[in-house]
Each structure stands twice: as structure tokens, then as C-alpha cells.
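Undergrad: Quick one: structure below, then a few questions.
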Amino acid sequence: MLGATCAAILLGGPAAGADICPQDGDGWPAACFTEQDGVRHVKRQYLGRLKWDRLGYALVSRADAFELMAVNRQGKVVVPGIYHTGDFDYPDAERGVGRFATPDGKCGYFQANRFTIVVPARYDVCQAFHDGKAVACTDCTRYCDDEDCHLDRLVGGSADELKLDGTKRRTYALPTLDTVCGTPERRILTPRAGADLLQCVRSNPFDELR
């Protein structure tokens with residue numbers, strides 16, 4: 001005869017829920033969440049499995065999607081899609097101002113100290129903060145500027161240069177794909193996974209002296 005724990009797992013009872021939604025919010029599938037009025041929430045029965053900081057927030061990672069999110073004590077996902085794999089993203093973002101993205105692909109910025117939104121997710125591409133400023137753009141495309149994609153180019157649309165408090169320093173038009181290298185003939189575009197490689201070649205050796 002099956003034990004109570006084994007039977008619960010096979011029948012999808014409480015023990016099964018504990019297994020699919022592990023302690024401390026590490027690697028949770030979609031079954032651990034519900035959606036209310038377009039906002040994701042942790043199902044109430046799993047809130048006790050999260051580890052809360054002193055301000056009442058917890059981090060949850062998804063098992064079925066590469067995503068890290070911040071949750072408040074009521075179970076509401078207050079910051080979805082936290083960028084966390086780069087040297088200048090959470091938890092190492094400058095002055096704690098990191099980037100996040102919503103399911104529709106838009107991005108913005110948040111303050112990690114209290115997981116509050118600094119800039120709503122209204123941009124198509126968001127660059128990390130460096131020396132107190134960041135560039136975010138709409139109707140634009142990000143291209144890699146070198147083989148390892150340490151640098152990038154933003155092409156098309158318009159860009160905002162932002163301060164750490166989310167206010168704009170300036171707004172400006174970005175170059176188009178035909179003008180980013182001066183002329184289309186000087187452009188080398190290499191398709192790649194993630195972001196395409198965009199390189200500009202010089203038209204003659206005397207350009208080095210200009």
C-alpha cells in the first residue's frame with residue numbers, strides 16, 4: 001500500500017505542490033502562479049515557501065522560462081523579467097538601478113533596494129547604467145558591435161538618455177541601418193542568434209587620418 005506522501009504526489013495533492021514549487025522560490029513553473037487583472041501573483045498556498053527580505057520582498061525564478069522576478073508579501077509580482085546575467089545588472093547594477101522586461105518584450109528600470117519601478121516598461125531596448133546614465137530606445141534594433149557583443153549599436157527609432165532617477169537628459173533620433181556606417185556599402189551585417197553583428201568598414205585607408 002502506498003504511503004500518504006507517495007499517494008499525494010501521484011494524485012497531485014499538497015505534497016506534489018510542494019515539490020513543484022520548491023522552498024525559497026528557486027525554479028518555479030507556471031503552475032505556482034495565477035493571474036489577476038493582467039498581473040501575475042504567486043498562488044496563496046505557496047507564499048510560505050518564499051524567503052522574505054526585511055522590507056517584505058522575495059525573489060522567485062522560473063523553471064519553464066529564463067526569468068527572475070520580485071514578489072511582495074501579498075504575492076504580487078512587482079518586478080517581472082529582472083535582468084540578472086550581466087556585470088552591470090542585478091544585483092550589481094549601478095546605484096541599484098537595474099533593468100527589467102515585461103512579457104510583451106518592453107523594458108524599463110527598477111530600484112533594487114525596494115523593488116520599485118523607476119522607469120516603466122515602455123522601451124524596446126534598454127542599456128545598463130554607466131557613470132550615471134543609460135540609453136533606452138523605441139522602434140529601434142540592437143546590434144552587436146564586436147564578435148563577443150561587449151559593445152552594441154542602437155539603430156532606428158528614437159532614444160532617451162536617462163538619469164539614475166529616471167528623468168531624461170535628452171531625446172534624439174538614432175541612425176538608420178542605411179546611415180549608421182555612413183553609406184550602406186560600408187555596412188557588414190552578419191546574422192547571429194540573439195543580436196546580429198553589425199560592423200562598419202572604411203571606404204579607403206585615408207579615413208584613418210580624418
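Undergrad: Among the numbered criteria (1) open to solvent by 70 Å² or more (accessible area, probe 1.4 Å); (2) among the aliphatic types (A, V, I, L, M); (3) in a loop (DSSP other than H, G, I, E, B), which one does Leu55 miss?
TA: (1)
Undergrad: Pairs needed: first member in segment 49-67, under 17 Å from Asp89 (Cβ atoms) and modelled with pLDDT of 95 or more; second member anywhere, in a loop (DSSP other than H, G, I, E, B) and open to solvent by 50 Å² or more (accessible area, probe 1.4 Å); C-beta distance under 7 Å; at least 6 residues apart or different chains.
TA: Ser61/Asp26
Undergrad: Hey, can you tell me all the residues within segment 38-48 that are free of Cβ contacts under 8 Å to residues at least 24 places away in the same chain and within 22 Å of the chain's Cα centre (by Cα)?
TA: Gly38
Undergrad: Restricting to segment 170-200, what's the tally of residues that are under 24 Å from the mean Cα position of the chain (by Cα), surrounded by 11 or more Cβ atoms within 10 Å (Cβ to Cβ) and charged (D, E, K, R)?
TA: 2
So that you can scan it fast, the table gives a plain yes or no per residue for (1) part of a loop (DSSP other than H, G, I, E, B); (2) touching a His at 6+ places or on another chain (Cβ under 9 Å); (3) among the polar types (S, T, N, Q):
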| position | (1), (2), (3) |
| --- | --- |
| Ala70 | no, no, no |
| Gln74 | yes, yes, yes |
| Val78 | no, no, no |
| Thr85 | yes, no, yes |
| Phe88 | yes, yes, no |
| Arg95 | no, no, no |
| Pro103 | yes, no, no |
| Asn113 | yes, no, yes |
| Ile117 | no, no, no |
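Undergrad: Inside segment 170-193, can you point out the residues that are aliphatic (A, V, I, L, M) and not in a strand (DSSP E or B)?
TA: Across segment 170-193, the qualifying residues are Leu174, Leu177, Val180, Ala193.
Undergrad: Any chance you could count how many residues in segment 149-169 are part of a strand (DSSP E or B) and open to solvent by less than 60 Å² (accessible area, probe 1.4 Å)?
TA: So the count comes out to 8.
A quick yes/no check of all residues on (1) touching a residue at least 12 places away in the same chain (Cβ under 8 Å); (2) loosely packed, with under 14 Cβ neighbours inside 10 Å:
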| site | (1), (2) |
| --- | --- |
| Tyr83 | yes, no |
| Asp87 | no, yes |
| Glu94 | yes, no |
| Phe100 | yes, no |
| Gly108 | yes, no |
| Arg122 | yes, yes |
| Gln127 | yes, no |
| Cys144 | yes, no |
| Glu147 | yes, yes |
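Undergrad: Please find, within segment 32-47, the residue that is least open to solvent (accessible area, probe 1.4 Å) out of those that are modelled with pLDDT of 95 or more and not in a strand (DSSP E or B).
TA: Cys32
Undergrad: Does Ala112 count as at pLDDT below 95, among the small types (Gly, Ala, Ser) and in contact with a strand residue (DSSP E or B) (Cβ under 8 Å, 6 or more places away or on another chain)? Can you show your working first?
TA: Numbers: at pLDDT below 95: no; among the small types (Gly, Ala, Ser): yes; in contact with a strand residue (DSSP E or B) (Cβ under 8 Å, 6 or more places away or on another chain): yes.
Answer is no for this residue.
The values are calculated or read from the model by the stated rules, or taken from the named source; none is laboratory data. Values in this document were obtained by computation on a predicted structure and should not be read as measured data. Neighbour counts run over all protein chains shown; Cβ positions are idealised from the backbone, glycine included. To get the accessible areas, we keep the full protein, side chains included, count just its heavy atoms, and leave off ligands, DNA and RNA. Shrake-Rupley method; radii C 1.70, N 1.55, O 1.52, S 1.80 Å.
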